[in-house]
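Some notes on the structure that comes next.
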Amino acid sequence: MSSFLDHCAIVGVGETAVGKVPDRTSIQLHAEAIRAALDDAGLRLRDVDGLVTAGSRVSPVLYHADVVAEYLGHHPRHVLTVNAGGSTSVAAIEHAAAMIGAGVCEVVVVAKADNLATGLGRDATVASMATIGHPAYEGPAGPTIPAMYAMVARRYIHEYGADVTDFALVAEIDREHARRHPAAQFRAPLTAQDVLGSRLVADPLRLLDCAPVSDGGGAVVLASAARARDLPKPPIRITGVGEHHGYEHLTQAGDLTVTGAAVSGPAAFRAAGLTPAEIDVAMIYDAFSFIQCMQLEDLGFCPKGGGGAFVREGNTRLSGRLPVNTHGGVLSFGHPGKPTGLFLVSEAVRQLRGEAADRQVAGAETALVHMEGGILASHGTLILAGDR
Amino acid sequence: MSHHQSAPQAEPENLPFWEGAQAGELRVQRCQTCGHHQLYARLWCVSCGGRALTWTAVRPRGTVYSFTVVRRAPTAEFAADVPYPIALVDLDAGPRLMGHVVGCPVDEVTVGMPVGVRFAPRQGLLVAQFTPIGS
Ligand SMILES: [Zn+2]
């Protein structure tokens with residue numbers, strides 16, 4: 001089955017330092033991430049004819065991608081700012097692939113960065129994110145982002161008997177992987193017991209079930225298949241993509257125990273002509289530990305309600321059947337906001353190129369990347385394949 | 001963009017809900033074509049697309065779909081309230097509401113608990129609160 005995806009490839013990935021990067025503004029982080037990804041691709045700024053960014057919470061501007069282009073001193077023919085929350089990266093990459101597939105662009109950069117940790121600070125970030133609640137019907141109850149996710153977790157526990165010790169194990173395994181990644185924000189040892197011993201933020205979620213607030217940026221370069229052939233790194237093909245956008249406000253959602261991954265995942269698998277059993281490595285957005293379990297289920301890697309057991313049985317470890325979040329996941333690699341999804345993509349690309357060093361999954365040929373935005377409201381799934 | 005939580009805004013489209021709250025009634029938007037109840041207000045029914053909508057008072061009863069206890073406040077204005085239980089409540093009439101659970105210890109809220117809906121003043125608006133019933 002032919003697809004617009006056939007005409008392009010991911011040819012470059014890059015990140016800035018992630019964690020606390022006090023000497024960099026949001027726009028500087030964008031510039032550095034773009035430079036790193038273009039260097040990785042073996043391309044120059046003047047080769048870029050499409051630029052997609054997703055704004056900055058710290059330094060909001062009206063037309064963000066145009067500001068970035070101006071800062072770079074380069075003006076691609078197509079410049080666009082997009083936003084679909086935490087799943088923006090899949091939507092933006094799909095858009096870039098479509099622009100290339102349609103012949104409008106040849107080299108498109110998707111870049112995102114922000115300095116939430118030092119530019120905004122943890123408390124102000126938490127406060128700004130609380131505005132996600134409906135201003136009249138939800139906001140007055142004072143729901144934090146962790147509180148809203150906690151209500152999903154509570155219902156998941158109620159219906160499926162999910163266990164917080166399995167959630168804690170997700171954080172432990174993410175950390176185990178982060179310890180093998182020199183650029184991860186958190187690399188000190190962490191056990192499930194540590195997670196279970198951390199203080200409650202919003203029952204049943206504890207501090208270490210929740211992602212940090214970070215600075216950092218990432219960029220991904222897509223190029224036409226023809227252009228990709230002449231570049232130094234092996235092109236990574238996008239063989240499947242799926243999206244699902246179910247709601248924005250939590251009170252408008254229906255069943256909170258089944259996520260949009262149950263739609264976006266199968267759509268991506270159909271496009272790729274693959275089944276979950278054929279995926280070698282997966283990157284699954286886990287801004288909160290338990291959502292990795294739910295999304296593993298909804299993507300079809302295990303039966304519904306079996307996500308915790310799947311993790312407990314060791315499947316997601318580096319040595320397991322489906323290594324997950326080999327860079328450390330959202331929980332340990334770092335979470336500067338919308339850039340976080342691009343870190344999943346770049347790790348998948350490095351795995352498929354065989355560049356993942358101490359955390360390499362031997363012989364990885366297919367990767368799944370899944371991310372979600374809002375309170376599990378928008379979902380995007382990518383399936384990537386190497387040429388090895 | 002503000003870094004603080006928005007104060008609740010009663011948009012004109014939703015005024016009947018807040019007027020109902022003033023009158024001690026829980027009102028929802030009702031589709032005259034298919035009978036679907038919805039909150040917040042829209043120009044048409046999200047179930048059938050029908051444009052004939054009215055506001056109707058419904059029984060202020062529901063069931064806790066899920067809940068949490070917030071132990072770290074999002075903003076200073078909630079700092080004095082922690083720990084506070086927030087619940088998602090499925091109204092018997094259909095729509096789901098979010099609000100605080102009051103009238104029982106924070107650790108006694110459960111999924112499936114029947115609750116009544118009442119309105120209490122907060123930040124210049126009456127907001128929905130839930131109280132346990134029948135236990
Ligand atoms: Zn209707």
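Read-outs: derived from the displayed coordinates by stated rules, not from any lab. What you are looking at is a predicted structure, and each value in this text was computed from that prediction instead of being measured. Note that we place each Cβ from the backbone using ideal geometry, even for glycine, and neighbour counts take in every protein chain shown.
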Between A:VAL21 and residues 5 or more places away or on another chain, which pairs have amide H atoms under 5 Å apart, with H built 1.01 Å from N, and which residues are they? A:THR118, A:ASP215
Rg and Dmax of the range A:174-244 over Cα atoms: what are they, in angstrom? 18.9, 53
What does the helix-only formula give at 222 nm for chain A: each DSSP H stretch with n ≥ 4 adding -39500 (n - 2.57), the total divided by the residues, and the result rounded to the nearest 500 deg cm²/dmol? -10500 deg cm²/dmol
By residue number, which cysteines of chain B lack any other Cys whose Cβ falls under 4.7 Å from their Cβ? B:CYS104
Can you give the percent of C-alpha pairs in the range A:117-230 whose distance is more than 26 Å? 39 percent
Positive end of the charge dipole of the range B:11-58 (Lys, Arg +1 and Asp, Glu -1 on Cβ, about the Cα centre): tell me which of B:GLN22, B:GLY35, B:ALA57 has its Cα farthest that way. B:GLY35
Assuming R0 = 25 Å, can you tell me the calculated FRET efficiency for the pair A:ASP163 and A:ALA277, based on Cβ-Cβ distance, to the nearest 0.05? 0.50
Protection proxy (average C-beta count within 10 Å per residue), highest first, orders A:354-360, A:340-346 as A:340-346, A:354-360
Positive-end extreme of charge dipole, the range B:59-134 - chosen from B:PRO83, B:GLY94, B:THR68 (charges on Cβ): B:GLY94
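Full-extension gain between A:ASP6 and A:ALA225, please, as 0.36 nm times their residue separation minus the C-alpha to C-alpha distance.
Extra length from A:ASP6 to A:ALA225 when fully extended: 78.1 nm.
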List the extent of the Cα atoms of the range B:11-58 along each of their three principal axes, largest first, rounded to whole Å. 30, 21, 13
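Can you check what the net charge comes to around A:GLU372, using other residues whose Cβ is under 11 Å from the Cβ of A:GLU372 (Lys, Arg +1; Asp, Glu -1)? It would help to have the intermediate numbers written out before the result.
Details: positive: none; negative: A:GLU243, A:ASP286, A:ASP298.
My count for the surroundings of A:GLU372 gives -3.
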Specify, per residue and in Å³, the volume enclosed by the convex hull of the alpha carbon atoms belonging to chain A. 123 Å³
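Residues with beta-carbon under 10 Å from that of B:ASP92, excluding B:ASP92: net charge, scoring Lys, Arg +1 and Asp, Glu -1? Write out the running numbers ahead of the final one.
On the way: positive: B:ARG59, B:ARG61; negative: B:ASP90.
For residues surrounding B:ASP92, the net value is +1.
Using a 10 Å cut-off on Cβ atoms, rank the peptides A:90-101, A:21-32, B:46-57 from the highest mean neighbour count down. Display every interim value, and only then the final one.
On the way: A:90-101: 23.1, A:21-32: 20.7, B:46-57: 13.4.
Taking the mean over residues of other Cβ atoms within 10 Å, the ranking is A:90-101, A:21-32, B:46-57.
Using the alpha carbons of the range A:234-388, what is the convex hull volume per residue in cubic angstrom, as a whole number? Could the numbers behind the result be given before it?
Numbers: hull volume 15.6 nm³, N = 155.
Per-residue hull volume (Cα only) is 101 Å³.
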When the chain is fully extended, how far beyond the present Cα-Cα distance does A:SER59 get from A:ARG77, taking 0.36 nm per residue of separation? 4.0 nm
Between B:CYS104 and A:ARG199, what is the label-to-label distance in nm when each label sits 7 Å out along the Cα-to-Cβ direction? 2.7 nm
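Given 4 °C and 1.567 mPa s, how large is the Stokes-Einstein diffusion coefficient of the range B:59-134 in µm²/s, with Rh as the Kirkwood radius over Cα pairs?
Working: Rh = 12.6 Å.
The Stokes-Einstein estimate is 103 µm²/s.
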Whole-Hz Karplus ³J(HN,Hα) for the range A:287-299, in order, using 6.51 cos²θ - 1.76 cosθ + 1.60 and θ = phi - 60°, x for Gly and Pro? 4, 10, 3, 5, 6, 4, 4, 4, 6, 4, 5, 5, 7
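Ignore the peptide's own chain and count Cβ atoms of other chains within 10 Å of each Cβ in A:195-202; give me the average, rounded.
Details: counts 0, 0, 0, 0, 2, 6, 5, 8.
Partner Cβ neighbours, averaged per residue: 3.
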Only residues of the range B:110-126 count here: report those whose backbone N is under 20 Å from the spot 7 Å along Cα→Cβ of B:THR63, or say none. B:110-118
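Could you order peptides A:238-245, B:71-78 by the average number of other Cβ atoms within 10 Å of their residues, highest first?
Numbers: A:238-245: 22.4, B:71-78: 18.9.
Result, highest mean first: A:238-245, B:71-78.
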Exercise: per-residue mean of other protein chain Cβ atoms within 10 Å, B:60-66: 4
If the reach is capped at under 28 angstrom between alpha carbons, list the lysines near A:LYS20, excluding any in the same chain fewer than eight residues apart. A:LYS112, A:LYS338
Shielding of B:14-21 by partner chains, average beta-carbon count, 10 Å: 1
Viscosity 0.890 mPa s, temperature 25 °C, Stokes-Einstein D of the range A:85-137 from Kirkwood C-alpha radius, µm²/s: 177 µm²/s
Separation of the A:LEU207 and A:ARG321 label points, Cα + 7 Å toward Cβ, nm: 3.6 nm
Hey, got the dipole for the protein assembly as shown? About the Cα centre, +1 on K and R Cβ, -1 on D and E Cβ, debye to the nearest 20? 140 debye
Based on Cα positions only, what radius of gyration and what Dmax would you give for chain B, in angstroms? 15.8, 46
I'd like the Karplus ³J(HN,Hα) series for the range B:40-52: coefficients 6.51, -1.76, 1.60, θ = phi - 60°, whole numbers in Hz, and an x wherever there's a Gly or Pro. 5, 6, 10, 6, 9, 6, 6, 8, 10, x, x, 9, 8
Once the Cα atoms of helix A:26-41 and of chain A are each reduced to a long axis, what angle between those two axes, in degrees from 0 to 90 to the nearest 10, is obtained? 60 degrees
Which order do A:ASP215, A:ASP255 fall in if you start with the one that has the fewest other Cβ atoms within 10 Å? A:ASP255, A:ASP215
How are the C-alpha pair distances of the range A:23-76 spread across 5 Å bins, as whole percents from the shortest bin up? 4, 19, 32, 26, 13, 5, 0
